[in-house]
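Here's the structure we're looking at; comments come further down.
The values are calculated or read from the model by the stated rules, or taken from the named source; none is laboratory data. Quantities reported herein were computed from a predicted structural model and do not represent experimental measurements. Cβ atoms come from the backbone with ideal geometry, glycine included; neighbour counts cover every protein chain shown.
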Amino acid sequence: MRKKETNNNNNNIISPVVVKQEVVEKPVELFPTKNPNEVVKIAKNIADAVSDIVEKQKLYDKIKDKKYVRCEGWTTMGAMLGLFPQIVEVREEKIDDKNKKYVAVCEIRTLDGRLVSRAESECSSLERNKVGQEDYALRSMAETRAVSKAFRICLSWVMTLAGYEPTPAEEVSEEMLNNKVIEQKIVETPVVEQVNLNVDNKSKKITEKQRKLLFVRLREAGIPEEVLKKHIEVAFGKTSTADLNNEEFDEILKEIENLKRQK
């Protein structure tokens, strides 16, 4: 009797195929409506509430008659919208044999973990008011700046509704220190040279082509035109984009691009 042969070849076994589906994260809606008027109304209520707290607690630095809100003010606004910061990375980078800097990365997320904004900022021992400070102080300031910057990317237009500058105090302080040196040099410069220093296009009104570009970028970022109108009214005291100058135009474009990258 012949013994029945057994096929031990497993090649005939069909393995299940696992298909990986890419999960596309939907943009986070900060407000419960897409109606521009309602969005502005809700944002204004939040701005008013934040302003009360910022003024009572003095959570701002006043520089050249302008108020720049500190990190605590930005996190307060974020909390009102259910947004919270998370430091996801801090790294030390060597500049030279004596100096270093810390670079921090912050993410702004909702309570259920959805990403809204992400920013990176640094603090260096070469900065004028940071010379000789301990490592922990440099690291802490890098984290603070990253938190403020991440909130600025998604909430700067709401902060302007509250009557404050869109740049966090932690970011602007070092810039202002540098500007003082520039101002001192201009004062010591002969009048003819001062005129040459001021000859630029920053104060000139934008062209019609620039206006059209502004609205194109606005639509690409999904920002209602009413929001832009309110922003330029509060931030620059102007009622039309036609009245914007080149410096203001550049500032708005940067804010729009920052918001667009987060979507």
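Numbers at a glance
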| read-out | value |
| --- | --- |
| Test for Ser148: is it of a type in the set (Gly, Ala, Ser) and under 19 Å from Ile53 (Cβ atoms) | yes |
| In the stretch 94-112, the residues that are more than 16 Å from Lys149 (Cα to Cα) and either modelled with pLDDT of 95 or more or β-branched (Val, Ile, Thr) (or both) | Ile95, Thr110 |
| Scope the stretch 119-169; condition under 19 Å from Leu59 (Cβ atoms) and in a loop (DSSP other than H, G, I, E, B); matching residues | Ala162, Gly163, Tyr164, Glu165, Pro166, Thr167, Pro168 |
| Tally, over the stretch 100-118, of residues that are free of Cβ contacts under 8 Å to residues at least 60 places away in the same chain and in a strand (DSSP E or B) | 10 |
| Long-range neighbours under 8 Å by Cβ, at least six apart or interchain, first residue part of a helix (DSSP H, G or I) within the stretch 212-223, second among the basic types (Lys, Arg) | Arg217/Lys260; Glu220/Lys260; Ala221/Lys260; Ala221/Lys263 |
| In the stretch 67-99, residue surrounded by the fewest Cβ atoms within 10 Å (Cβ to Cβ) [restricted to those that are of a type in the set (S, T, N, Q) and over 26 Å from Leu126 (Cβ atoms)] | Gln86 |
| Filter result for Ile46 (buried (at least 18 other Cβ atoms within 10 Å of the Cβ) and closer than 17 Å to Val227 by Cβ) | yes |
| Some residue of the stretch 4-13 being touching a strand residue (DSSP E or B) at 6+ places or on another chain (Cβ under 9 Å), assigned to a loop (DSSP other than H, G, I, E, B) and modelled with pLDDT under 90 | no |
| Tally of residues being part of a helix (DSSP H, G or I), in contact with an Asp or Glu (Cβ under 9 Å, 6 or more places away or on another chain) and not aliphatic (A, V, I, L, M) across the stretch 42-84 | 2 |
| Complete set of residues in the stretch 188-220 that are at pLDDT 70 or above and more than 25 Å from the chain's Cα centre (by Cα) | Lys204, Lys205, Thr207, Glu208, Lys209 |
| Residue within the stretch 50-67 that is of a type in the set (Gly, Ala, Ser) and closer than 21 Å to Leu161 by Cβ present | yes |
| Odd one out for Glu233 among (1) part of a helix (DSSP H, G or I); (2) at pLDDT 80 or above | (2) |
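Let's see how each residue does on (1) among the aliphatic types (A, V, I, L, M); (2) touching a residue at least 24 places away in the same chain (Cβ under 8 Å); (3) not assigned by TED's automatic domain parsing to the domain that holds Ser117:
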{"residue": "Pro36", "(1), (2), (3)": "no, yes, no"}
{"residue": "Lys44", "(1), (2), (3)": "no, yes, no"}
{"residue": "Ile53", "(1), (2), (3)": "yes, no, no"}
{"residue": "Lys58", "(1), (2), (3)": "no, no, no"}
{"residue": "Tyr68", "(1), (2), (3)": "no, yes, no"}
